[in-house]
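Participant: First, the structure itself, so that you have it in front of you.
The values are calculated or read from the model by the stated rules, or taken from the named source; none is laboratory data. Remember, it's a predicted structure, so these values are computed and weren't measured experimentally. Backbone-built Cβ (ideal geometry, glycine too); neighbour counts: all protein chains shown.
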Amino acid sequence: MNDRDRRPPFRRSGGKSFEKGRKSSPRPAWRDRDSGGDGPAILYGFHTVAAALANPRRKIRKLLLTENAARRLAEENIHTRVTPEIVRPQLIDQRLGPDAVHQGMLAEADPLPSPDIETLKQEGIVLVLDQITDPHNVGAILRSAAAFAVKAIVTTARHSPEATGVLAKSASGALELVPLVLVQNLARALTELNERGFLTVGLDSEGTDELSKVELREPLALVLGAEGKGLRQLTRETCATVARLDMPGEIKSLNVSNAAVLALYVGASRLGLMGK
């Protein structure tokens, strides 16, 4: 069977209606859903959309592809699961904005369900995010979390970016691999983790000990605060211990996504999780 035979049936948008739509709808209502709302998850970019298509838990509602993107999916034997609509790149540009690197792919999908915190297995590492609001940072943290086989990321339902758009693109497919546990109150969630046997370690520049010198054990919860503000006081007080990451250079602080990957490396190494 050749590539042409493997391709799923595509629906091509008509030229006249496409041009009319471009003129009458310069900015769709869901373009700004990174900042909130209960609408569908907007996924774009090859790795992001391909991972969503490969995830049976992800319900795809609509799929827009350019001809080149459709050809690439077919060549890599990625099944679309829904009938795509073949469109011009400009239509996706119009919907996402000119700066979005979509690689000719855009999907509308149902949000993934959020597991309950009590369902987390008492093993490995979880990450807890204390009001980290930048979707680029959260997406990068998700990508690192997937690389280190993190069991879940716990964050608040409010004061955190929605799992769509820029966050999903920055995560480069990791959104499909690492469960996001949304909680109403982070201090209560940390208390529950403490009660379930997790060692909760907050990361803060004023931590008592350097992270590599803290006696770590499974299950481990590493808690990161927002850039600038750091951990909130109640979050610090609820953690079992607060540690720091010492830097040998002139710059002593790291971007939160870089601090996350360094903390994960220290934690995974100390727990013997590397190479498993």
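Participant: What is the residue count in the stretch 67-110 for residues that are aliphatic (A, V, I, L, M), assigned to a helix (DSSP H, G or I) and in contact with a Leu (Cβ under 8 Å, 6 or more places away or on another chain)?
Facilitator: The qualifying residues number 4.
Participant: Scan (1) touching a helix residue (DSSP H, G or I) at 6+ places or on another chain (Cβ under 8 Å); (2) closer than 16 Å to ARG232 by Cβ; (3) crowded, with 16+ Cβ neighbours inside 10 Å for the single condition THR191 breaks and write down its number.
Facilitator: (3)
Participant: Let me ask something else. Taking the stated definitions as given, is THR133 in a strand (DSSP E or B), closer than 30 Å to GLU227 by Cα, of a type in the set (Val, Ile, Thr) and assigned by TED's automatic domain parsing to the domain that holds GLY230?
Facilitator: no
Participant: Can you name every residue in the stretch 38-58 that is assigned to a loop (DSSP other than H, G, I, E, B) and within 16 Å of GLY165 (Cα to Cα)?
Facilitator: ASP38, GLY39, PRO40, GLY45, ARG58 - these are the residues of the stretch 38-58 that are assigned to a loop (DSSP other than H, G, I, E, B) and within 16 Å of GLY165 (Cα to Cα).
Participant: Suppose the filter is under 17 Å from LEU142 (Cβ atoms), of a type outside the set (Asp, Glu) and either touching a strand residue (DSSP E or B) at 6+ places or on another chain (Cβ under 7 Å) or not assigned by TED's automatic domain parsing to the domain that holds LEU53 (or both); does ALA157 pass it?
Facilitator: yes
Participant: Can you find, within the stretch 252-265, the residue that is surrounded by the most Cβ atoms within 10 Å (Cβ to Cβ) among those that are more than 18 Å from ILE153 (Cβ to Cβ) and either in contact with a Ser or Thr (Cβ under 7 Å, 6 or more places away or on another chain) or touching a residue at least 12 places away in the same chain (Cβ under 8 Å) (or both)?
Facilitator: SER253
Participant: In the stretch 27-59, how many residues are under 20 Å from ASP134 (Cα atoms), modelled with pLDDT under 90 and not basic (Lys, Arg)?
Facilitator: 8
Participant: Then there's this: On the given criteria, is ALA226 touching a strand residue (DSSP E or B) at 6+ places or on another chain (Cβ under 6 Å) and either assigned by TED's automatic domain parsing to the domain that holds GLY124 or closer than 30 Å to ALA52 by Cα (or both)?
Facilitator: no
Participant: Now for a separate question. Quick check on my filter: what residues within the stretch 175-202 are touching a residue at least 40 places away in the same chain (Cβ under 8 Å) and within 30 Å of ALA50 (Cα to Cα)?
Facilitator: LEU175, GLU176, LEU177, PRO179, LEU180, VAL181, LEU182, VAL183
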